[in-house]
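Peer 1: Input: one structure, supplied below.
The values are calculated or read from the model by the stated rules, or taken from the named source; none is laboratory data. Owing to the predicted nature of the structure, the values given are computational and were not obtained by experimental measurement. Backbone-built Cβ (ideal geometry, glycine too); neighbour counts: all protein chains shown. Note: accessible area is taken over every heavy atom of the protein model, side chains too, but ligands, DNA and RNA are not part of it. Shrake-Rupley method; radii C 1.70, N 1.55, O 1.52, S 1.80 Å.
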Amino acid sequence: MIAILSDIHANFPALRKVSEELEKEKVSSLVVLGDIVGYGAKPEDCVQWVVEHNGEAVMGNHEAACVGRLPLDWFNPLAKEAISWTKRHLSTFSLGFLSVLPDKIDKHGFLWLHGSPSNPIEEYIDNREVAQEIFYRFQFWVCFFGHTHVAEAYLLREGKVERVPLLAGGEFEFNPHTRYLVNCGSVGQPRDGNPRASFGLLDPGQRKLIVNRISYPVEEAADEIITAGLPETLAYRLFAAW
Ligand code: ZN
């Protein structure tokens, strides 16, 4: 079983709960689709967790900003403030780990990245038109992505792109004649109206994917953000998941 985590965003209470769930499963590999840090108050703990669990991670836009690959001007004021704070709260080891993350991974028969195949760090796949263009321009069967914090999938079936919402979780079997762009949602800052932590479990042999939503102590993560002196909006948005 491959565990798929994305957009943890320094939310350790959410990551801890997901980690407990993963311990119940036969997880052989862990893939982390970027934005381990940013917004939340525990970036160092989250990076250490990924390292300790041998996570194969790709670079997200928040990592890119922390290591100087993406200018701060790319971000909105809230994110900018969080990135500056995060840089000051990461160890030299963790910054070094983040600085060498690849833009994408082609492994286990799937493509893994944060944004999109055309721009793995920056582009958002958030509608059918973008998904369609990517299906036509790039060769892949199943591509897992993150970045939007919305659990959903785009399927290219018989020339038509359809969107499958996964905000309540979901399960499907990959069909060899259909192509897929799949976002298993965000662990630490969902933006699809469901505040529960989201992650994926993939059985590559059976070609089966489960997207899980689990509750975690949102209050604890919010309190950490406020105590850390990060913008309070970053705490409140965790409850409403916008
Ligand atoms: Zn993100």
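Peer 1: Between segment 91-162 and segment 1-42, what's the alpha-carbon centroid distance in Å?
Peer 2: 18
Peer 1: Expected output is a single nm value to one decimal: the length gained when fully extending between D203 and V27, i.e. 0.36 nm times separation in residues minus the C-alpha distance. What is it?
Peer 2: Here the answer is 62.4 nm.
Peer 1: When only alpha-carbon atoms count, how far does segment 88-231 stretch along each of its three principal axes, as whole angstroms with the largest first?
Peer 2: Sorted from largest, the Cα extents of segment 88-231 read 52, 33, 31 Å.
Peer 1: Could you check how much of the accessible area of segment 2-240 is carbon and sulfur, as a whole percent, using a 1.4 Å probe?
Peer 2: In segment 2-240, the share of accessible area belonging to carbon and sulfur is 48 percent.
Peer 1: Hey, if you drop one equal point scatterer on each alpha-carbon of segment 62-108 and run the Debye formula without solvent, what base-10 log of I(q)/I(0) do you get at q = 0.14, 0.28 Å⁻¹?
Peer 2: -0.37, -1.03
Peer 1: Next up: Please give the charge dipole size of segment 2-240, origin at the Cα centre, charges +1 on K and R Cβ atoms and -1 on D and E Cβ atoms. Round to the nearest 20 debye.
Peer 2: 400
Peer 1: Would you please state the base-10 log of I(q)/I(0) at q = 0.07, 0.08, 0.10 1/Å for the chain, with intensities from the Debye formula using one equal scatterer on every alpha carbon?
Peer 2: Values, matching the q order: -0.20, -0.26, -0.41.
Peer 1: Continuing with the same structure: In segment 126-158, what GluC sites (Glu not before Pro) fall in a loop by DSSP, with at most 15 other Cβ atoms inside 10 Å?
Peer 2: Sparse-neighbourhood loop GluC sites (Glu not before Pro): E158.
Peer 1: In addition: Could you list the GluC sites (Glu not before Pro) in segment 1-47 that lie in coil according to DSSP, counting only those with at most 16 other Cβ atoms within 10 Å of their Cβ?
Peer 2: E25
Peer 1: For Q48 and T92, calculate 0.36 nm times their separation in residues minus their Cα-Cα distance, and state this gained length in nm to one decimal.
Peer 2: 14.6 nm
Peer 1: Round to the nearest 0.05 the FRET efficiency obtained for Y236 and E133 when R0 = 30 Å and r is the Cβ-Cβ distance.
Peer 2: For Y236 and E133, the calculated efficiency is 0.30.
Peer 1: Hey, what did segment 2-240 get for relative contact order, percent, Cα under 8 Å, at least 6 apart?
Peer 2: Once normalised by length, the contact order is 23 percent.
Peer 1: Rounded to the nearest 500, what is the 222 nm mean residue ellipticity of the chain from helices alone, with -39500 (n - 2.57) per DSSP H run of 4+ residues and division by all residues?
Peer 2: Dividing the helical sum by the residues of the chain leaves -9500 deg cm²/dmol.
Peer 1: Just list whichever of K26/K80; K24/K104; K87/K160; K24/K107; K24/K160 have alpha carbons separated by over 32 Å in the model shown.
Peer 2: Exceeds cut-off: K26/K80; K87/K160; K24/K160.
Peer 1: Would you mind working out the accessible area per residue for the chain, using a 1.4 Å probe, and quoting it in Å²?
Peer 2: Value for the chain: 42 Å² per residue.
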